[in-house]
Amino acid sequence: MDHASADLLRHHGDVDASPGLLDFAVNVQGSSPPPWLRDRLVVALDGIARYPAAAHDAQAREAVAARHSRRADEVLVLAGSAEGFALLPALRPRLAAVVHPGFTEPEAALRAAGVPVVRVHTREADGHRLVPGEVPAEADLVVIGNPTNPTGVQHPAADVRALAAPGRVLLVDEAFADAVPGEPETLAGAADVPGLLVFRSLTKTWALAGLRAGYALGEPALLARLAAPRPPWPVSTLALEAVIACSAPSAVAQAQDAAERLAAARAAQAERLGALPGVTVLPGQAPYLLLRLPQGRGARVREALRDAGIAVRRGDTFPGLGPDHVRVAVRPADQVARLVEALADALAWTAAA
């Protein structure tokens with residue numbers, strides 16, 4: 001892979017969302033954490049003169065374990081899912097299979113470490129449905145998102161389970177699972193799947209992208225292999241406190257309520273965008289929508305939207321998608337109205353050009 005292609009794998013929505021633009025590029029919900037969480041983090045600030053404590057980490061692991069009906073030794077608290085992806089080379093895979101279109105950071109981390117990677121592409125024609133049999137049998141690490149970013153497809157848990165195999169690590173990125181009402185296809189509590197790793201993130205639902213907080217779930221020996229290269233104190237005191245707070249039953253219930261509201265907002269947003277001429281809204285169940293724009297006009301439409309003060313996530317950095325794909329986050333109705341108006345103008349302008 002050349003440097004240009006590697007750089008594209010490192011492209012994320014925050015690059016598209018320059019300050020001052022109405023941000024449809026980043027999938028974080030809300031502009032700040034809820035007041036109760038903010039207040040808890042403010043109180044925790046008084047402890048940051050001390051190093052993060054092992055007892056605090058244990059408390060966070062216990063909170064996550066209770067949330068997912070796991071044991072505390074089956075939890076590894078992370079400085080965001082991105083840290084977990086950066087640690088994947090420690091598993092020493094001989095061949096990694098990454099399901100695409102999907103979040104690109106796992107492949108970028110693996111390739112940077114010299115790990116051979118094969119891409120397994122889902123297809124728009126069949127709804128980007130996972131076909132387990134297309135994953136090479138020799139792959140000893142398989143990476144898939146569920147729901148997948150950027151397609152928003154939620155794969156049946158049975159299909160994802162079918163990817164497990166003796167001697168294989170199966171990593172399921174569930175960064176957006178808590179944004180789906182009821183989390184029906186999650187494997188976070190599936191302690192019976194050998195070689196399973198599940199990564200979860202707090203940054204999206206709780207507006208904590210700048211804090212870097214998440215966790216991994218899996219067999220203790222597998223987590224130990226993953227964590228081997230970590231430096232001392234890898235997770236901050238504030239991130240540990242956020243993990244504890246967001247794993248509490250009251251917080252889980254609040255996230256469920258937010259997921260139900262988000263599902264209704266997504267449906268309304270998809271209907272409005274799908275009514276625009278030439279715009280195809282791909283079906284999904286995540287806090288974002290993948291759009292296909294008229295052929296050959298995607299880059300100019302994105303440029304026109306940017307000129308109108310709106311940022312969307314380019315799609316061509318995701319393997320399997322092209323320049324006419326864009327991803328847009330689910331946003332409040334007043335912001336969607338601005339996007340629809342600007343997109344209609346951009347489509348008209350590019351059609352006439």
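Can you give the accessible area per residue of the chain, in Å², using a 1.4 Å probe?
Heavy-atom accessible area per residue stands at 42 Å².
Taking the chain as the reference, fit the longest principal axis to its C-alpha atoms, fit the long axis of helix 237-246 to the helix C-alpha atoms, and give the angle between the two in degrees, 0 to 90, nearest 10.
The answer is roughly 80 degrees.
If you average 1/r across every pair of different Cα atoms in the stretch 32-103 and take the reciprocal, what Kirkwood value do you get, in Å?
Across the stretch 32-103, the inverse of the average 1/r is 15.4 Å.
Report, to the nearest whole %, how much of the accessible area of the chain belongs to carbon and sulfur atoms, 1.4 Å probe, protein only.
55
If amide H atoms are built 1.01 Å from N in the plane of the peptide, which residues on other chains or at least 5 residues away come under 5 Å of the amide H of LEU197?
Distant-sequence amide H within range of LEU197: LEU170, LEU171, VAL172.
Report GLU183's accessible area, 1.4 Å probe, all protein chains in place, as a number in Å² to the nearest 10.
So the heavy atoms of GLU183 present about 30 Å² to solvent.
Convex hull over the Cα atoms of the stretch 108-208, averaged projected area in nm²?
7.3
For the stretch 293-353, rounded, prolate or oblate, judged on the Cα gyration tensor with a ≥ b ≥ c (square roots of eigenvalues), a/c < 1.5 rounded, else prolate if a/b > b/c?
Oblate shape, in that a/c is at least 1.5 and b/c is the bigger or equal ratio.
Can you tell me the length gained on complete extension of the stretch ALA348 to ALA55, counting 0.36 nm per residue apart and subtracting the Cα distance?
So the chain would gain 99.5 nm between ALA348 and ALA55.
Roughly how far apart, in whole Å, are the Cα centres of the stretch 284-315 and the stretch 100-141?
24
Which of GLY20, GLY274, GLY80 moves most in a GNM of the chain, Cα contacts under 10 Å?
Largest GNM mean-square fluctuation: GLY20.
Could you list the residues of the stretch 311-353 with an amide nitrogen less than 12 Å from a label point located 7 Å from the Cα of VAL131 in the Cα-to-C-beta direction?
No residue qualifies, since no backbone N sits under 12 Å from the label point.
Name the residues whose placed amide hydrogens come within less than 5 Å of the amide hydrogen of VAL118, ignoring near sequence neighbours (fewer than 5 apart) on the same chain.
ALA96, ALA97, VAL98
Based on the Kirkwood radius over alpha-carbon pairs, what is the Stokes-Einstein translational diffusion coefficient of the chain at 4 °C with 1.567 mPa s viscosity, in µm²/s?
Estimated via Stokes-Einstein, D reaches 62 µm²/s.
For the chain, what proportion of DSSP beta bridges, expressed in % and rounded to the nearest 5, is antiparallel?
50
The values are calculated or read from the model by the stated rules, or taken from the named source; none is laboratory data. Note that the coordinates shown come from a computational prediction; the quantities given were computed from them, not determined experimentally. Every residue, glycine as well, gets a Cβ built from its backbone with ideal geometry; the counts of neighbours run over all protein chains shown. Side chains included, ligands, DNA and RNA excluded: accessible areas come from the protein's heavy atoms. Shrake-Rupley method; radii C 1.70, N 1.55, O 1.52, S 1.80 Å.
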